[in-house]
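Down below is the structure, laid out as structure tokens.
The values are calculated or read from the model by the stated rules, or taken from the named source; none is laboratory data. Just so we're clear, the structure is a prediction, and the values are computed from it rather than from any experiment. With ideal geometry, Cβ positions are generated from the backbone for all residues, glycine too; neighbour counts draw on all protein chains shown.
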Amino acid sequence: MTRFLLPLAAFIVLVLFLAVGLGLKPREVPSPLIGKPAPVFQSQLLHEPGKTLASQDNLGKVWLLNVWASWCVSCREEHPLLVELAKSGIVPIYGLNYKDKPDLALQWLSQYGDPYIVSVVDPEGRIGIDYGVYGVPETYVIDKNGVIRHKQIGPVTVESLEKKILPLIKELQG
Amino acid sequence: MNPALPFKLLKNSYQQKILGLRSAFSAKQFILLLVFVLLSPSSWAKEAAPVAEDPVIEKRMLALSEDLRCLVCQNESLAGSRADFANDLRREIREQMQANKSDKEIVDFLVARYGDFVLYRPPVKPATYLLWGGPFAFLLAGAGILFFYLKRRRKQIEEPPLTEEQHRHAEALLKEDKGNNV
């Protein structure tokens with residue numbers, strides 16, 4: 001009997017490993033920045049190139065940093081959700097316009113709506129490198145002390161908002 | 001022959017065509033030229049990579065980025081990837097090398113932002129003990145199983161010594177056999 005049980009058990013273990021492996025998302029690389037202070041940046045505003053925003057200006061509030069670009073297709077997917085979230089006033093959303101052309105970015109915002117308090121520009125992707133951005137869109141939840149608490153890789157979805165982002169924001173604002 | 005020559009001629013003919021001067025080449029000559037151009041090595045060459053200001057740094061950057069993963073196209077190294085993202089990171093590495101940072105400092109910089117995943121050679125630490133030690137654990141386990149299996153098998157195929165009675169029986173049979181043959 002054990003002659004068959006042993007290989008069967010080994011097979012089941014193998015299948016379990018493969019099943020877990022299929023469920024993993026290799027594109028979502030866990031960020032080492034979670035729990036660490038958000039990298040400091042100061043950059044020009046998309047709408048008013050004469051003015052700048054520094055990340056430290058947001059200390060004391062919970063905010064979202066959404067990395068977007070007009071050339072990014074999945075940004076369009078999440079955009080209506082962001083617009084809605086901005087309307088609700090739950091949390092301020094700041095945009096990081098990543099490797100984009102200002103005129104295209106502005107046109108994109110006027111076409112699809114502008115959920116951002118302001119957007120800062122990152123034409124060469126340098127702020128992006130500091131934040132470990134590798135796939136746009138990405139969204140960071142940053143707490144009152146300026147610490148990154150969550151990173152959403154890829155578009156924000158209703159599910160990720162309800163299950164992770166909104167409860168986390170509530171807890172951090174609490 | 002000089003590979004640049006047919007190209008020049010072709011360019012001339014092209015310009016002349018644009019100007020409406022069609023008499024310069026016959027169709028046959030044109031095809032011949034086309035063949036020359038296609039055969040000349042210069043037309044096969046891909047667009048040249050931008051030449052770095054400092055070949056030493058370029059070499060060092062390529063050697064380092066060979067061991068780093070491009071996160072956009074995860075099965076490619078930073079050195080080999082043509083993704084825009086890889087380009088940015090190569091630029092970053094190049095700049096840090098120009099600023100006299102050591103390879104280790106640059107790798108630490110990238111790991112701090114992108115995690116160990118950016119390394120093709122993961123560091124040995126508690127989370128990766130299984131990864132590094134797993135194959136050896138399997139090898140040891142396999143060797144152990146083989147050892148015990150062979151030991152048991154030897155016992156199974158070993159012939160047990162004959163008992164006293166079996167000896168007598170065998171002897172009797174042998175004697176009988178002899179008697180019959182003689």
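Details
- Set side by side, the residues B:LEU150, B:LEU140 differ, and just one is surrounded by 11 or more Cβ atoms within 10 Å (Cβ to Cβ) and over 30 Å from B:LEU64 (Cα atoms), which is B:LEU140.
- The set of residues in segment A:35-69 being assigned to a strand (DSSP E or B) and more than 20 Å from the chain's Cα centre (by Cα) consists of A:GLN44, A:THR52.
- Test for A:ILE169: is it within 19 Å of B:PHE85 (Cα to Cα) and either out of contact with any strand residue (DSSP E or B) (no Cβ under 6 Å at 6 or more places or on another chain) or not acidic (Asp, Glu) (or both): no
- Residue within segment B:107-115 that is β-branched (Val, Ile, Thr) and over 24 Å from A:ILE153 (Cα atoms) present: no
- Considering the conditions (1) over 30 Å from A:TYR134 (Cα atoms); (2) within 14 Å of another protein chain (Cβ to nearest Cβ); (3) under 25 Å from the mean Cα position of the chain (by Cα), B:PHE148 is excluded by exactly one of them, (3).
- Boolean, A:PRO32 is in contact (Cβ under 8 Å) with a residue 12 or more places away in the chain, part of a loop (DSSP other than H, G, I, E, B) and loosely packed, with under 14 Cβ neighbours inside 10 Å: no
- Applying the set (1) touching a Lys or Arg at 6+ places or on another chain (Cβ under 7 Å); (2) at negative phi to A:GLY125 leaves exactly one unmet item: (2).
- Among all positions in segment A:140-152, there is at least one residue which is over 9 Å from the mean Cα position of the chain (by Cα) and within 14 Å of chain B (Cβ to nearest Cβ).
- Residue among A:LEU81, A:LEU6 that alone is within 14 Å of another protein chain (Cβ to nearest Cβ) and assigned to a helix (DSSP H, G or I): A:LEU6
- Per-region count, segment A:141-164, residues out of contact with any helix residue (DSSP H, G or I) (no Cβ under 7 Å at 6 or more places or on another chain) and within 22 Å of B:CYS70 (Cβ to Cβ): 2
- Helices (runs of 4 or more DSSP H) within segment B:45-117 that include 2 or more residues modelled with pLDDT under 90 and more than 13 Å from every other protein chain (Cβ to nearest Cβ): B:55-65
- Checking each residue in segment A:107-136 for being within 14 Å of chain B (Cβ to nearest Cβ), touching a residue at least 60 places away in the same chain (Cβ under 8 Å) and not charged (D, E, K, R) picks out A:ILE127, A:GLY128, A:TYR131, A:GLY132, A:VAL133, A:TYR134, A:GLY135, A:VAL136.
- If you go through segment A:39-72 and pick out every residue that is among the small types (Gly, Ala, Ser) and within 12 Å of chain B (Cβ to nearest Cβ), you end up with 1.
- All positions within segment A:85-99 that are within 14 Å of chain B (Cβ to nearest Cβ) and surrounded by fewer than 23 Cβ atoms within 10 Å (Cβ to Cβ): A:LYS99
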